[in-house]
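Here the structure comes first, spelled out in structure tokens, and everything after it is commentary.
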Amino acid sequence: MDQQEQKVAAAQAAFEYVQDLINHWGEEIVIGIGTGSTANLFIDQIAQIKNSISAAVASSEESAKRLKSHGISITDLNSAGTLRVYIDGADEVNENLQLIKGGGAALTREKIIAAASSEFICIADESKFVPLLGKFPLPVEVIPMSRSYVARELVKLGGDPAYRSGVVTDNGNHIVDVHNLEILDPRKLERQINNITGVVTNGIFADRPADLLLLATDDGVKKISRS
Ligand code: 5RP
């Protein structure tokens, strides 16, 4: 399977998982949905069961638009309460289901929805599974006026920050991508970076990792639970 076929397989596995959940609960549920090409494939799948989904909370305007185009209602997280399940992709995932996210610049809303969900399911192709986080440049969302200051602080933490030129997040902020980080302690670095004044959040998902990884491989989709 090539990468695209693996993304389709992971999205299909998530669709089946959500379908089982809905059958088990016997009622319509509100689900959280992420951003990116893998999440888009999942959105296209769940259109088949749109009548069993009362609404979705989307992690970006782009995903909200795609959901609406399939006739799935969007609701605001403030009115939805705790979500039963959140489905999203990742840029990197390790064996502890800690992630790097934000390649699509939606990291802050993604982190909020993950925090507000009972279960976070990550869907990914095999290329995303890594022994050590950090090869993928770590996205950091910053308040625009703090960008240079935050970049200087990130250098002190050992990274090489680069401004993602021309990108404005759905929250009106900028993205700095930090290259050449060896993330040996993801929880520590997540907190250290979040403590820099001007940082909205960073793309390490270690304080709230995924609960289940649906990892598409040539041998099928592996279900890896957090131990
Ligand atoms: C968006 C994200 C995405 O989940 C991540 O970039 C993976 O995207 P894709 O499924 O296209 O590989 O974090 O902010």
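Every read-out reported here was derived from the displayed coordinates using simple, explicitly stated rules and does not represent laboratory data. Computed from a predicted structure; not experimentally measured. Cβ coordinates were reconstructed from backbone atoms using ideal geometry, including for glycine residues, and neighbour counts include every protein chain displayed.
Here are the numbers for this structure:
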read-out: Index of the failed condition, Gly172 passing every other in (1) in contact with a Ser or Thr (Cβ under 7 Å, 6 or more places away or on another chain); (2) assigned to a loop (DSSP other than H, G, I, E, B); value: (1)
read-out: Looking only at the range 154-168, and only at residues there that are of a type in the set (A, V, I, L, M) and touching a residue at least 24 places away in the same chain (Cβ under 8 Å), the one that is farthest from Leu181 (Cα to Cα); value: Val167
read-out: Of residues in the range 54-91 being within 9 Å of the ligand (Cβ to nearest atom) and among the charged types (D, E, K, R), the one nearest to Ala11 (Cα to Cα); value: Asp88
read-out: Failed item, numbered, when Glu28 is tested on (1) of a type in the set (Asp, Glu); (2) more than 15 Å from the ligand (Cβ to nearest atom); (3) within 20 Å of Ala90 (Cβ to Cβ); value: (3)
read-out: Residue identified as under 13 Å from the mean Cα position of the chain (by Cα) and near the ligand (Cβ under 9 Å from one of its atoms) among Leu97, Leu107; value: Leu107
read-out: Residue count, the range 126-164 (criterion: part of a loop (DSSP other than H, G, I, E, B) and surrounded by fewer than 24 Cβ atoms within 10 Å (Cβ to Cβ)); value: 11
read-out: Boolean, Asp170 is of a type in the set (Asp, Glu) and either closer than 30 Å to Glu28 by Cβ or buried (at least 24 other Cβ atoms within 10 Å of the Cβ) (or both); value: yes
read-out: Qualifying residue in the range 83-92 (condition: of a type in the set (Ser, Thr, Tyr), within 11 Å of the chain's Cα centre (by Cα) and over 17 Å from Gln192 (Cα atoms)); value: yes
read-out: Qualifying residue in the range 32-53 (condition: within 15 Å of the ligand (Cβ to nearest atom), of a type in the set (D, E, K, R) and within 20 Å of Gly103 (Cα to Cα)); value: no
read-out: Pairs with Cβ under 8 Å, 6+ apart, first in the range 88-103 and at positive phi, second within 8 Å of the ligand (Cβ to nearest atom); value: Gly102/Asp91; Gly102/Glu110; Gly102/Pro139; Gly102/Gly203
